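Values quoted throughout were computed directly from the atomic coordinates according to the rules given, and no laboratory measurement underlies them. Just so it is clear, the structure is predicted and the values come from calculations on it, not from any experiment. Note: ideal-geometry Cβ built from the backbone for every residue, glycine included; neighbour counts use all protein chains shown.
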Amino acid sequence: MKNDGMNDLAYDFGDDEALNEELSFILNEACHVFRYHADGNWKELYKPKYANRLAKYISIKPSLIKRLLKLKDPVVSNITYAAIEIVKARNN
């Protein structure tokens, strides 16, 4: 599933509705910013912002990694891999 950045998608990661809402917000905003605000700040400003927010949830629920990558959205994968690195760095 590829998020076009214009239409908010309701992502489903299980029974926790609050988690689904928060992750949907993060992913929708990240996809929108990546696709419609190409101001050269993705790598330095925006990607770390969304990756850090995502890392919070990945550290609590590592099973999210597989579900996030299964979406096969390049933006979601991009921030997911960055979030994984953040979690690894925090754990070392």
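How many nm is it between the label spots at Arg35 and Ile65, if each spot is 7 Å from the Cα in line with the beta carbon?
Calculated label separation equals 2.7 nm.
For the chain, what does the helix formula give at 222 nm: sum of -39500 (n - 2.57) over DSSP H segments with n ≥ 4, over the residue count, nearest 500 deg cm²/dmol?
Result for the chain, helices only: -21000 deg cm²/dmol.
Relative contact order (percent) for the chain, with alpha-carbon contacts under 8 angstrom and 6 or more residues of separation?
30
Mind running the shape call on the chain? Use the C-alpha gyration tensor, a ≥ b ≥ c as the square roots of the eigenvalues: rounded below 1.5 for a/c, prolate if a/b tops b/c, oblate otherwise.
The shape class here is oblate.
Would you please name the chymotrypsin sites (Phe, Trp or Tyr not before Pro) within the range 1-88 that are DSSP coil residues with at most 15 other C-beta atoms within 10 Å of their C-beta?
Sparse-neighbourhood loop chymotrypsin sites (Phe, Trp or Tyr not before Pro): none present.
Between Ala18 and Ala89, what length comes free when the chain is fully extended (0.36 nm per residue of separation minus the Cα-Cα distance, one decimal in nm)?
Result for the pair: 22.9 nm of gain on full extension.
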